[in-house]
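Undergrad: Got a structure here, written out as structure tokens. Questions coming.
The values are calculated or read from the model by the stated rules, or taken from the named source; none is laboratory data. This one's a predicted model, so the numbers in the text were calculated from it and none came from an experiment. Every residue, glycine among them, receives a Cβ derived from its backbone with ideal geometry; neighbour counts consider all protein chains shown. Areas reflect the complete protein model, heavy atoms only, side chains present, ligands, DNA and RNA absent. Shrake-Rupley method; radii C 1.70, N 1.55, O 1.52, S 1.80 Å.
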Amino acid sequence: MLRLDGKVALVTGAGSAGPGWGNGKATAVLMARQGARVLALDNRAEAVEETLGLIRGEGHEAEGHIADVTLAAEVEAAVAACVARFGRLDILVNNVGGSFPGGAESMAEADWDRQLDFNLRSAFLGCKYALPVMKAQGRGAIVNLSSIAALRMSADRPHVAYSASKYGILALTKSVAMEHARLGIRCNTVIPGLMHTPLVEHRLVRQLGANDAAALIAKRDAQVPMGKMGDAWDIAHAVLFLASDEARHITGTELLVDGGISAAMP
Ligand SMILES: NC(=O)c1ccc[n+]([C@@H]2O[C@H](COP(=O)([O-])OP(=O)(O)OC[C@H]3O[C@@H](n4cnc5c(N)ncnc54)[C@H](O)[C@@H]3O)[C@@H](O)[C@H]2O)c1
């Protein structure tokens, strides 16, 4: 089940913001374990090196690529590098993204633009340059990363651009899926809920937690109906499923990985 033998996967943001497992890093490693050859893309050389070390250390095949996924020329070059190295591209995971706080009134226009570029344009560019390769192959699977922030808003902690861009991911996914449904290319979204990734200790503790990591983790755990945040492996397994042949009849949809948050009474 869920084997990716013979497939080539490009995972963007294949490192993590701090020590531990981010969604992209876990996805890249899991796909390699399942038999894919992986192009691990990140804009930081040390992140690429770390993920490559993990994958190769387990005896699997991977190549690294340093690129900023908000820049068209760099995304185009990354896809070309993947094809040059591995001869094909079967799976694209558009994982790069992140939130910046602010409401419609308080957010600077430049921050809005940066968030849209970071979260939505990045995924658009990935699709734009991967699709011709997948079309030529007659098959491919794209998985885009959204966020529970697209579906559930907080009155006291708005991040308007993050929510809007992550909601945009849902429409981008459906549009790409419909345009390519008869061409053997599927496109789906994974929607993470509150996850315990390095982001929590690395950034959120400073931003929201008054530097009290234990209190912030307890608060986030308590918000989840299942009683605990998920982690990067929960996301990686969902991405793996949607990218795999076992999901061959699934396109243009979303898989929520949120411990029940979106089903709960507020
Ligand atoms: N962590 C969570 O709790 C959570 C919750 C909901 C959604 N998500 C989504 O999951 C995805 C991954 O989140 P994460 O917290 O695991 O990631 P992360 O913040 O740990 O970042 C992953 C990697 O992306 C790289 N990166 C950053 N900007 C880049 C760029 N412009 N080009 C290329 N690489 C870049 C970083 O160097 C890092 O190694 C994001 O789309 C995020 O919005 C995460």
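Undergrad: Can you give the percent of C-alpha pairs in region 1-79 whose distance is more than 20 Å?
TA: 25 percent
Undergrad: For every other residue with a beta carbon closer than 12 angstrom to the beta carbon of Asp221, add +1 if it is Lys or Arg and -1 if Asp or Glu, then tell me the sum.
TA: It works out to a net charge of +2.
Undergrad: Length gain on complete extension for the stretch His202 to Met1, per 0.36 nm per residue less the alpha carbon to alpha carbon distance?
TA: Between His202 and Met1, full extension yields an extra 68.9 nm.
Undergrad: Here's another thing I want to ask about it. Taking one equal scatterer on every alpha-carbon of region 158-260, how large is log10 of I(q)/I(0) by Debye at q = 0.11, 0.14 1/Å?
TA: -0.43, -0.66
Undergrad: Treating only the Cβ atoms of Lys and Arg (+1) and Asp and Glu (-1) as charged, compute the dipole magnitude of region 33-144 about its Cα centre; round to the nearest 20 debye.
TA: 680 debye
Undergrad: On to the next question. Pick out which of Val205, Val160, Val79 has the largest mean-square fluctuation in a Gaussian network model of the chain, springs linking Cα atoms closer than 10 Å.
TA: Val205
Undergrad: Rank-order 22-34, 169-181 by packing density, defined as the average count of other C-beta atoms within 10 Å over each peptide's residues, highest first.
TA: My ranking of the peptides, most packed first, is 22-34, 169-181.
Undergrad: Quick check: at a probe of 1.4 Å, how many percent of the accessible area of region 1-156 sits on carbon and sulfur atoms?
TA: Carbon plus sulfur share of accessible area: 54 percent.
Undergrad: Another one. Just need log10 I(q)/I(0) for region 24-138 at q = 0.10, 0.14, 0.16 Å⁻¹, Debye formula, equal scatterers on the alpha-carbon atoms, no solvent, rounded to two decimals.
TA: Results for region 24-138 at q = 0.10, 0.14, 0.16 Å⁻¹ read -0.33, -0.61, -0.77.
Undergrad: Would you mind listing how long region 9-50 runs along its three principal axes, going by Cα atoms, in whole Å with the largest first?
TA: So the extents along the principal axes, rounded to whole Å, are 26, 17, 13.
Undergrad: Which number comes out as Rg/Rh for region 100-238 once both Rg and the Kirkwood Rh are worked out on C-alpha atoms?
TA: Radius of gyration over Kirkwood radius for region 100-238 works out to 1.03.
Undergrad: Quick check for me: using +1 on Lys/Arg Cβ and -1 on Asp/Glu Cβ, what's the dipole size of the chain about its Cα centre, in debye to the nearest 20?
TA: Around 660 debye, computed over the chain.
Undergrad: Taking 30 Å as R0, compute the FRET efficiency from the Cβ-Cβ separation of Ala136 and Asp113 and round it to 0.05.
TA: 0.35
Undergrad: Quote the FRET efficiency, to the nearest 0.05, computed for Ser154 versus Ala84 with a Förster distance R0 of 35 Å and r equal to the Cβ-Cβ distance.
TA: 0.20
Undergrad: Just the number please: accessible area per residue for region 45-95, 1.4 Å probe, all protein chains included, in Å².
TA: Averaged over the residues of region 45-95, the accessible area is 43 Å².
Undergrad: Still on this model: Evaluate the charge dipole of region 179-246 about its Cα centre and quote only its size in Debye, nearest 20, assuming +1 on the Cβ of each Lys and Arg and -1 on the Cβ of each Asp and Glu.
TA: 220 debye
Undergrad: Tell me which of Val143, Leu208, Pro225 sits at the most positive position along the dipole axis of region 135-266, charges placed on C-beta atoms (Lys, Arg +1; Asp, Glu -1).
TA: So the residue we want is Val143.
Undergrad: Take Glu105 and Ala210, extend 7 Å from each Cα along the Cα→Cβ direction, and tell me the distance between the two endpoints in nm.
TA: Between Glu105 and Ala210, the simple spin-label model gives 2.5 nm.
Undergrad: Can you tell me the orientation of helix 122-137 relative to the chain, as the angle in degrees between its alpha-carbon axis and the longest Cα principal axis, to the nearest 10?
TA: 20 degrees
Undergrad: Can you give the convex hull volume of the alpha carbon atoms of region 171-217 per residue, in Å³?
TA: 89 Å³
Undergrad: Right, something else. Taking the dipole about the Cα centre of the chain, with the C-beta of Lys and Arg at +1 and of Asp and Glu at -1, give me whichever of Cys127, Leu41, Met107 is farthest to the positive side.
TA: My answer, from the dipole projection, is Cys127.
Undergrad: Subtracting the Cα-Cα distance from 0.36 nm times the residue separation, let me have the gained length for Arg248 to Ala77 in nm, one decimal.
TA: 58.7 nm
Undergrad: Return, for the Cα atoms of the chain, the radius of gyration and Dmax in Å, separated by a comma.
TA: 17.6, 51
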